[in-house]
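The values are calculated or read from the model by the stated rules, or taken from the named source; none is laboratory data. In this text the structure is predicted, and so the values were computed from the model without any measurement. No Cβ is skipped: glycine too gets one built from the backbone with ideal geometry, and neighbour counts run over all protein chains shown.
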Amino acid sequence: MFDCGVGGTSGRFALLHHTFLPSQTGNNHWDLMFDQPDGLLTFRLLALPVPSDPRQGHRVTAVRLPTHRRKYLEYEGPLSGQRGHVQRVAGGTYHAKKQDLPHQPHVSWQVDLRSPQLDATLILPVVSIHQTCLVTAHQWCWHDGTMED
């Protein structure tokens, strides 16, 4: 998933709110994107995590999507082909390092997100494209009331 060496990897990330008009086909969701050498590693989140006990974390359902173009790190606006509209709600830097935890059957990644809008620590399992997974947020903190649900 992440292209990294022993110490992990760092790069840019973006969180986009992807919405659809009633006349368009699709369900509103969030796209979480991580810059990688071959494009943006992308996950569709069906909901955003809510702040909770960091020891337990809060789990949200996600689907790994095909690699996206880098323009989506900055892009906001309508998508071609009646595919909805995206609004960038957070963007900054991430650091990812591999986690091999005994209570988890698969390797996963701890990803720390830092931006002016959001600080978060996530556990992302290694999954294939189009595979559904649970993302665990051990920290999810909006700054200045941004996106409080």
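Assorted remarks:
- Test: residue in segment 106-129 that is in contact with a helix residue (DSSP H, G or I) (Cβ under 9 Å, 6 or more places away or on another chain) and closer than 20 Å to residue 48 by Cα: no
So that you can scan it fast, the table gives a plain yes or no per residue for (1) surrounded by 13 or more Cβ atoms within 10 Å (Cβ to Cβ); (2) closer than 15 Å to residue 14 by Cβ; (3) modelled with pLDDT under 95:
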| site | (1), (2), (3) |
| --- | --- |
| 59 | yes, no, yes |
| 64 | yes, no, no |
| 67 | yes, yes, no |
| 83 | yes, no, yes |
| 87 | no, yes, no |
| 106 | no, no, yes |
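- Residue 129 meets the stated requirement of being more than 27 Å from residue 143 (Cα to Cα) and either β-branched (Val, Ile, Thr) or at pLDDT 90 or above (or both).
- Count of segment 27-49 residues which are in a strand (DSSP E or B) and either out of contact with any strand residue (DSSP E or B) (no Cβ under 6 Å at 6 or more places or on another chain) or of a type in the set (A, V, I, L, M) (or both): 6
- If the condition is being small (Gly, Ala, Ser) and modelled with pLDDT under 90, then segment 1-38 contributes 5, 7, 8, 23, 26.
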